[in-house]
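Structure, as structure tokens:
Read-outs: derived from the displayed coordinates by stated rules, not from any lab. These numbers were taken from a predicted model, which means no experiment stands behind them. For neighbour counting, all protein chains shown are included, and Cβ atoms are generated from backbone atoms with ideal geometry for every residue, glycine included.
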């Protein structure tokens, strides 16, 4: 059985943006899909998320993980956790690596992400847990830095997909489908 886990971002749900479309697409390709609503996600917290996911009963081994915004940070944190198993691939959409852009946003609360960014990303450990990475990023993302994502993708040896004028690749940016993900998964023999 092919399995996938979907992780939404801050103040989000698994019913936002392109997640419903992606879930339906994956199921058509025979995937079993786990799309939880992450607890207390206004202030994403690595420890709270990990405790929740450990108790979920979902077997993450050999999954393809999908994340948006702080959901991508969650994936990277999981890949550095000793308890977390090896996976097949990670798809990181609007990768959130730092607060460079969010700190200036009108919705930002100082300290909001203190429990999310708890250490530096260990690229070697991340690569040992996951052999394939797909990054998808809007070239004019206002929340997560495009160049930082591109550089990090290069360090992980992943493939990078630029969405012209995609902003933060959310429904408020007019994005409710990302067929580029399916196309790249086919190239990487994940479908």
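Using a ≥ b ≥ c from the Cα gyration tensor of region 102-191 (square roots of the eigenvalues), is it rounded, prolate or oblate, where a/c under 1.5 gives rounded and otherwise the larger of a/b and b/c decides, a/b for prolate?
Oblate, since a/c reaches 1.5 and b/c is not below a/b.
Rank these for me by crowding, 52, 133, 117, 66, going from fewest to most other beta carbons within 10 Å. All intermediate terms of the calculation are to be shown ahead of the outcome.
On the way: 52 15, 133 23, 117 18, 66 29.
Starting with the residue having the fewest Cβ neighbours, the order is 52, 117, 133, 66.
Run the simple label-point estimate for residue 86 and residue 24 please: 7 Å along Cα→C-beta, distance reported in nm.
3.6 nm
Divide by every residue of the chain the summed helix terms, -39500 (n - 2.57) for each DSSP H run of at least 4, and state the resulting mean residue ellipticity at 222 nm, rounded to the nearest 500 deg cm²/dmol.
Theoretical 222 nm ellipticity from helices: -8500 deg cm²/dmol.
Which value in nm describes the separation of the simple spin-label points at residue 187 and residue 13, placed 7 Å from the Cα toward the beta carbon?
3.4 nm
Can you give me the relative contact order of region 1-111 as a percent, contacts being Cα pairs under 8 Å and 6 or more apart?
Once normalised by length, the contact order is 28 percent.
Pop a pseudo-label 7 angstrom from the Cα along the beta-carbon direction at both residue 125 and residue 104 and give the gap in nm to one decimal.
Label-label distance for residue 125 and residue 104, simple model: 3.2 nm.
Give me the Kirkwood hydrodynamic radius of region 13-122 in Å, from all C-alpha pairs, to one decimal place?
14.9 Å
Provide 168, 15 in ascending order of the number of other Cβ atoms located within 10 Å of each residue's Cβ, fewest first.
In order of increasing Cβ crowding within 10 Å: 15, 168.
Apply the a/c threshold of 1.5 to the C-alpha gyration tensor of region 140-191 and tell me whether it is rounded, prolate or oblate.
Oblate is the answer for region 140-191, as a/c is 1.5 or above yet b/c matches or exceeds a/b.
Quick check: from the Cα gyration tensor, does the chain come out rounded (a/c under 1.5), prolate or oblate?
Since a/c stays below 1.5, the shape of the chain is classed as rounded.
Which distance in Å, rounded to a whole number, links the C-alpha centroids of region 146-164 and region 174-191?
16 Å
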